[in-house]
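Okay, structure first, notes after.
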Amino acid sequence: MHPERERARVLTKLVGWTGWLLPLLLIVPGITLVARGGGGGTEIVLAALAAAALGTLLHLLLRSLGTLLAQLDQPPPAPNQRLRDLEREKQLLLRSIREVEFDAGLQRLDDEQAAQLVAPLRQRALQVLQQLDAARVGQAPARLDQQIEQELKRRLGRSATALVLALSALSHPARAQAPGGTLPAEMLGQPLPSADLPAGVLTVKVIGSDLNQAQPDQTVELFRSGAAAMARVAGRKSGPDGRARFEGLVEGQLYLALLRQGDQAIPSRPFRLAPGAGIKLLLSTRSPARPLAAALALDEAAEPAAAEPAPESGAAADAEASDDPHAGVPGAPGSNDTTGAATLSAVAGLAADRIEVLTLRGPAREPLAGAKVTLARSGRPDETQRTDAQGRAIFSLRAASTASNAPRAAPAPTEPDPASFSLRVEHDGLGYRSAELTAKQAGGRRATFTVYDRTTSRKDLQLGPGTHVLAQLSEGRLSCTHIIVLLNPGPRLVDLGESGLRLPLPRGAVGAALSEETQGVARLEGDEATIVVGGPLPPGQLVLQTSYELPYDGSSLDFHQPLPLGSPRTLLALGEAPAVEVVGPALEARELRRHQGVAMQLFTLAPVARGKSLELTVRNLPHRAEWPRQLVLGLSALIALWAIAGIVQGRRHAARRAAQRSSVLEALVALEGRHAAGAVSASAYERERRALVAQARLVWDAGSPEAASSLGS
Amino acid sequence: MATIGTLCVYLILLLATWSAALALVGARRRSSAMVQSAQLALYGVAASATLAVLLLAYAFTISDYSLIYVQQHSERAMPVFYRITALWGGMEGSLLLWVWLLALVSAVAMRTNQHRLGDIVPYASAVLMLVVVFFGVVMVVSSNPFDAYLSVTPETGKGLNPLLQNPYMVTHPPSLYLGFVTLTVPFAFAMGSLLAGRVDETWLHAARPWALVSWFALALGLTLGMLWAYEELGWGGYWGWDPVENAGFMPWLLCTAFLHSIMVQDRRQMLKVWNVVLALLAFVMTIFGTFLTRSGFIDSVHAFARSNIGYVFLGFIALTLVVGFGVILWRRPLLRSRGALESALSREFWFLLNNWVLLSACLLVMVLTIFPGISELFGDKITISIPAFNRWMVPIGVALLVLTGVGPMLGWRHSTAAGLRRQFQWPTVVGLLVGVGLGLWGPAAGAVALLTWALCAFVIATVLQEPLRAASVRARAAQTGFGQALGGLLLRNHRRYGGYVVHIGVALMCVGFAGESLKQEKEAVLRPGERLTIGRYELRYDGLRITEDDLKGMLTAGLTVFEDGKPTGTIHPARWVYFRHEDSPTTEVAIQRSTGEDLFVALGGHDQASGSATFKVVINPLVTFVWLGFVVMALGAAIAGLPLSALARPARPIPALARAEPIARGSRTDAAAAAKDDTDAP
């Protein structure tokens, strides 16, 4: 069998079963519409038009492929180029003559000029008409066997459906749905920016001991930082899924949400809105509750805190407030002072405008006597005193505030305004200073100032328990909030020098940003790929919070983070991605929790030695499969290459065809010669001639020299 | 939805590549099977694009936010009308719209010309499909409107840019896109004729209708854009030489030049190179406009359409220019003119002048448009202001008016001095009367405005005089009534006289443009009850009203208008703040229109406590003539484009024409056809 026919037969057989595909494709949208409860006029019209377009497309594809297979390489009916040229020239000449005469009629030209212009045109038009007559006489109409073509098209056309089927596989991958996991304690009360929520929206989910224990009908209250205290903004009851939703939060304001339990409350960490995103919060009824005032005061104080100083149980055991927000903030660049860790707490029995500075030394917290303490306001020293044997020095805030501005007034223990100040302690020739402290509440305050011996050795530094990564899937990237607990377990303050402590982010991290609190103690360097902790580290822990994104373009992502410090067992929480897997040598355990469609995976990661890397692979990430796109682009490129090759080969084809034409013409000439010489019978001559003319038609070309010369003759 | 839509996008690319490849190879090998298959694949592209557009429209209708594009450009509260038209509210959708229009136009153009231009069509089809391939690659690689969210489908949409939620913006972009797309067809036929080696005038006949459609669509798009700017942007004008306005204006200028110059080639077999170059440049300008719109290279009021693929378009422009000019150089020997300029007093010479002026205007607008961007590359950014544009463009506009008036008075090849005297006599008198009259007794307009109005009168007089004179000649020669002669003349020569009507429209628009010189403008802060006086109007501010609907909050001011001391009505300028786009309030101006002038009031800021508000009040004289001019232009385009000659009764050949009959000795049908053909077909 002819190869073309064989190919057509095979294709027809292959795709024959797909003939019912078109009705199926038309029925499916209809069923979908009915199932969706649609029925709107617009939808029906659109669906009908879509179905019609689809049908047309299929029909055209069928015809296209069928036509191609049926007529491959068949020579075209030869249009008579020269005839058309002559026809065109005739029209132009006639029109030109009319124009000249029309212009003459409008008196734009006089008769003499018109005659001069028309004469050559008429002469040329006459020649063209004569040539046209001659060409028409010699023109042989080309005919094609359309019936055969149509039959071939009908029989082979269905093969185009195969193309549709093959391409239908080029689809997006299934989108991953939300998974879940267990609940690290660090996640409770931790604000998590979420791009899924509109800006200004906060959702608080109230749970019991576990994520799948949603607590409905719980009172959640939202507070906003006011001039002197946290002000209540709104209250909501949690819904059946344990969620309470707040809207209209303003970017830049400091908020705190708490779970109200009578006079007690379970607060979140204070938070500010991330630009363009909402916030998700998780609060547990099992978390320890505090008195409402303490919860608010605690958070008022803790809000700007980035460093958590060493515990000061003795100094502030009976105070209603604890760590000061700015405690432990490193000194300003260029300062010779070392930072001391200062905390602010209330002291009963102390006048409201008084500040008692309690100076302690080292982790042993021994009173530091004879130290020179300077209280500064707005960066300017206000008052200096020496500590007594108990390490105390007492300052008057009001007096201090007026000392620099106006004559000292009598102390008036009324409601003091919020007062900001900083402390500087000098001892043994070394300077220590606190960050800016703010006394926001009434009553006397105690500033506990701890100074430490210093060391430059970093060998004891490590990442502390509580270090974790909260990850959430976004479009083609993993959005991570990384909480790094930097632990200085020794008794001395670690001087990090000018270079600071460098903590690389995972490889490939982009869009890194530090939380507002962390910006006070660290910065990003090296194309935002490294966190540099600048100041000296007092004993205790420093919590850093950074967010970044890990883009990916496939189904997996390598999480590789060099750790210059040793890391204990840490956690990776992956929200709303149940299908996503995390594998790697560092993985110790995995827990999956689901509740009402919300799921979270919690991965426990093994300790990592100092100088090693945390390495994980995240798999099954939802992504747009690249292969269909690449396949389409590749196919297009192949077609283009084929076209280029075809065009180049077209020259050879033309040459071959010219040779065939020449050969047939020579054979015809030879036949004519034999016929003239009487060497062939009349019937044989006629038969052979018909066959040769038929061959000539196959290889004839309207643009060929032979065609042109025959027309010319 | 996403899967089928993406499949359609992939099919568009594959079928377009397939079609282009088969067409080129088939044309080269003279294989009709390949060529036919290529054409069917082209129809397949059109069907795929249609399906894709319908799917996307459907997704907008049902607010399918699983599609990123739908979520980013609509919201449920929007009327269905705007939800569907949001389809072209962003990059991905507008690219799909472009491809869809191009595919449809290609299918129609190839279908209607496949028999007439059998040897050119495969190449032209290949060129069209290669353009589709370019857009297809852009869509597949970076701008697929059917990309779906990978993880979580948002519950709400982000809404459409408030500036686009305007009736003019519903039709303005598709009009411009249609104009851009249809300019691809003349380019394709020009390249097709060169590749096929058939460089006679045949391709012009295929290209002309599409150039006319493009010219009209661009004019419509530009006018709608002017109306949008006038009523939405609130700055008191309608044309600010914004880069994106210019992006549509530049191809329109070249298209106008092309429509005139193809007449010269058609009649005189001249300007062959010029025409293919114009077709190439006009097409390139459409892509250049897209580059300007998308790249952010230039600041524009259309900044919402920016993306990072603008520079891909720049690469495509470079490739098109290299290949296009390469092909022209390759075929240069075939492009020699058969005719020659015989006189400076010929229509072809003045058309050439007209072409040069139009091309100069285009290049000037281009240079001034991109100048800020270029200057920024080499140092400080230098902004080109509206007066700077006007300083150059007003003289060019005046020159074009002169050409518009003089061109139609000249005959092809040559005109006699005596004939010209007769032709110019009355139009010149009319022009002078209008100019001098307005100068002496009209408003205190500048010299340029007076000159413009005089020239407009001159143009209109020439346009009206010509058919009257021709009808008179025909009536005298054919011994018919004047009315019958005029009617027959207009119907049989509808292309010529349609063009003349367009010239009247242009003149009317210029009347409006020149009215800008009489513009009055005031800005004031008013408390309720306070008044502002401008020209013969007095406005009393009555107060503010705040309302809202599902989409937006509306701040509406009420002002009572007094004309010559008598109240004539109230107007209500407003500002709307869409809830999803609170940082982009829209200005809803109030316009009291009359034939002579518009009273234009825009609401600026306001003080809620005192109730005071800032108003911009503008008197725009003669602005109605701009819109009226466009309507007349549209009418002219319709007259020129529609087959009105079919309505004309066969005319008795006038003796002058009858003299042509002996030429067609032996071919009487030719002479009969000649008598029926258009005498002059711009």
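The values are calculated or read from the model by the stated rules, or taken from the named source; none is laboratory data. Just so it is clear, the model here is predicted, and its values are computed rather than measured. Positions of Cβ are generated from backbone atoms using ideal geometry, with glycine treated the same way; all protein chains shown enter the neighbour counts. SASA here: full protein model, heavy atoms, side chains in, ligands and nucleic acids out. Shrake-Rupley method; radii C 1.70, N 1.55, O 1.52, S 1.80 Å.
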> Any idea how many residues of region B:393-421 are within 10 Å of chain A (Cβ to nearest Cβ) and crowded, with 22+ Cβ neighbours inside 10 Å?
Replying inline: 8
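Looking at region B:257-278, is at least one residue under 11 Å from the mean Cα position of the chain (by Cα), more than 14 Å from every other protein chain (Cβ to nearest Cβ) and either part of a helix (DSSP H, G or I) or more than 22 Å from B:Ala124 (Cα to Cα) (or both)?
First, the residues of region B:257-278 that are under 11 Å from the mean Cα position of the chain (by Cα): none.
Scanning region B:257-278, I find no residue that is under 11 Å from the mean Cα position of the chain (by Cα), more than 14 Å from every other protein chain (Cβ to nearest Cβ) and either part of a helix (DSSP H, G or I) or more than 22 Å from B:Ala124 (Cα to Cα) (or both), so the answer is no.
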>> Among the residues in region A:597-605, are any farther than 19 Å from A:Leu470 by Cβ and aliphatic (A, V, I, L, M)?
In response: no
>> within 30 Å of B:Ala77 (Cβ to Cβ) and out of contact with any Gly (no Cβ under 6 Å at 6 or more places or on another chain): which single residue out of B:Ala49, B:Ala21, B:Ala33, B:Ala41 fits that description?
In response: B:Ala49
>> Quick check on my filter: what residues within region B:65-94 are open to solvent by 20 Å² or more (accessible area, probe 1.4 Å), aromatic (Phe, Trp, Tyr) and within 14 Å of chain A (Cβ to nearest Cβ)?
In response: B:Phe81, B:Tyr82
> Out of all the residues in region A:639-662, is one or more at pLDDT below 85, under 30 Å from B:Tyr149 (Cβ atoms), within 11 Å of chain B (Cβ to nearest Cβ) and surrounded by fewer than 16 Cβ atoms within 10 Å (Cβ to Cβ)?
Replying inline: no
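Any chance region A:609-627 includes a residue that's of a type in the set (Lys, Arg), free of Cβ contacts under 8 Å to residues at least 12 places away in the same chain and farther than 30 Å from B:Tyr10 by Cα? Walk me through how you get there before you give the answer.
The first filter runs over region A:609-627 and keeps only residues of a type in the set (Lys, Arg), leaving A:610, A:612, A:619, A:624.
Of the ones still in play, those that are also free of Cβ contacts under 8 Å to residues at least 12 places away in the same chain are none.
No, region A:609-627 has no match at all.
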> Can you name the condition, by its number, that A:Leu249 falls short on among (1) at pLDDT 80 or above; (2) in a loop (DSSP other than H, G, I, E, B); (3) more than 32 Å from the chain's Cα centre (by Cα)?
Replying inline: (3)
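Test B:Leu227 against the criterion of being in a helix (DSSP H, G or I) and farther than 23 Å from B:Glu348 by Cβ, and give yes or no.
Details: in a helix (DSSP H, G or I): yes; farther than 23 Å from B:Glu348 by Cβ: yes.
Considered against the rule, which asks whether it is in a helix (DSSP H, G or I) and farther than 23 Å from B:Glu348 by Cβ, B:Leu227 comes out as yes.
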>> With the structure loaded, tell me whether A:Val532 is within 23 Å of A:Lys612 (Cβ to Cβ), open to solvent by less than 30 Å² (accessible area, probe 1.4 Å) and of a type in the set (Val, Ile, Thr) or whether it fails that test.
In response: yes
>> Just checking, does region A:73-85 include any residue being facing chain B (nearest Cβ under 9 Å), touching a Lys or Arg at 6+ places or on another chain (Cβ under 7 Å), surrounded by 20 or more Cβ atoms within 10 Å (Cβ to Cβ) and modelled with pLDDT of 70 or more?
In response: no
> Within region B:108-126, can one find any residue that is more than 13 Å from chain A (Cβ to nearest Cβ), open to solvent by 10 Å² or more (accessible area, probe 1.4 Å) and of a type outside the set (Ser, Thr, Tyr)?
Replying inline: yes
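Filter region B:154-185 down to the residues that are among the small types (Gly, Ala, Ser) and more than 14 Å from chain A (Cβ to nearest Cβ), then identify the one that is nearest to B:Ala211 (Cα to Cα). Walk me through how you get there before you give the answer.
Step one: list which residues in region B:154-185 are among the small types (Gly, Ala, Ser), which gives B:157, B:159, B:175, B:179.
Imposing the further condition that a residue be more than 14 Å from chain A (Cβ to nearest Cβ) reduces the set to B:175, B:179.
On the way: B:Ser175: 14, B:Gly179: 9 Å.
Among those residues, the one meeting the criterion is B:Gly179.
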>> I'm checking my understanding of the structure. Among residues of region B:198-219 that are among the aromatic types (Phe, Trp, Tyr) and away from chain A (no Cβ under 14 Å), which one is most open to solvent (accessible area, probe 1.4 Å)?
In response: B:Phe216
> Given the conditions (1) open to solvent by 30 Å² or more (accessible area, probe 1.4 Å); (2) in contact (Cβ under 8 Å) with a residue 60 or more places away in the chain; (3) not aliphatic (A, V, I, L, M), which single one is not true for B:Tyr58?
Replying inline: (2)
>> Looking at B:Val264, B:Val273 in this structure, which one is surrounded by fewer than 23 Cβ atoms within 10 Å (Cβ to Cβ) and not assigned by TED's automatic domain parsing to the domain that holds B:Glu92?
In response: B:Val273
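Output the residue which, of all residues in region A:101-123 that are more than 7 Å from every other protein chain (Cβ to nearest Cβ) and crowded, with 17+ Cβ neighbours inside 10 Å, is farthest from B:Arg476 (Cα to Cα).
At the first step, the residues of region A:101-123 found to be more than 7 Å from every other protein chain (Cβ to nearest Cβ) are A:111-112, A:114-116, A:118-121, A:123.
So of that shortlist, the ones also crowded, with 17+ Cβ neighbours inside 10 Å come out as A:114, A:118, A:121.
On the way: A:Ala114: 19, A:Val118: 22, A:Leu121: 26 Å.
Across region A:101-123, the extreme among qualifying residues is A:Leu121.
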>> For A:Cys480, only one of the following conditions fails: (1) closer than 30 Å to B:Ala148 by Cα; (2) open to solvent by 10 Å² or more (accessible area, probe 1.4 Å); (3) touching a residue at least 12 places away in the same chain (Cβ under 8 Å). What is its number?
In response: (2)
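Out of the helices (runs of 4 or more DSSP H) lying entirely within region B:341-452, which hold 3 or more residues that are at pLDDT below 85, more than 19 Å from B:Trp241 (Cα to Cα) and of a type in the set (Lys, Arg)? Quick ask: steps written out before the conclusion?
On the way: elements: B:347-377, B:386-406, B:417-441.
It comes to none.
Go through B:Leu11, B:Leu15, B:Leu51, B:Leu22 for me and flag whichever is free of Cβ contacts under 8 Å to residues at least 60 places away in the same chain, within 32 Å of the chain's Cα centre (by Cα) and more than 7 Å from every other protein chain (Cβ to nearest Cβ). Walk me through how you get there before you give the answer.
Values: B:Leu11 fails: more than 7 Å from every other protein chain (Cβ to nearest Cβ); B:Leu51 fails: more than 7 Å from every other protein chain (Cβ to nearest Cβ); B:Leu22 fails: within 32 Å of the chain's Cα centre (by Cα).
Criteria check complete, one pass: B:Leu15.
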>> Going residue by residue through region B:462-474, is there one that turns out to be within 20 Å of B:Cys510 (Cα to Cα), in contact with a Phe, Trp or Tyr (Cβ under 9 Å, 6 or more places away or on another chain), aliphatic (A, V, I, L, M) and away from chain A (no Cβ under 14 Å)?
In response: yes
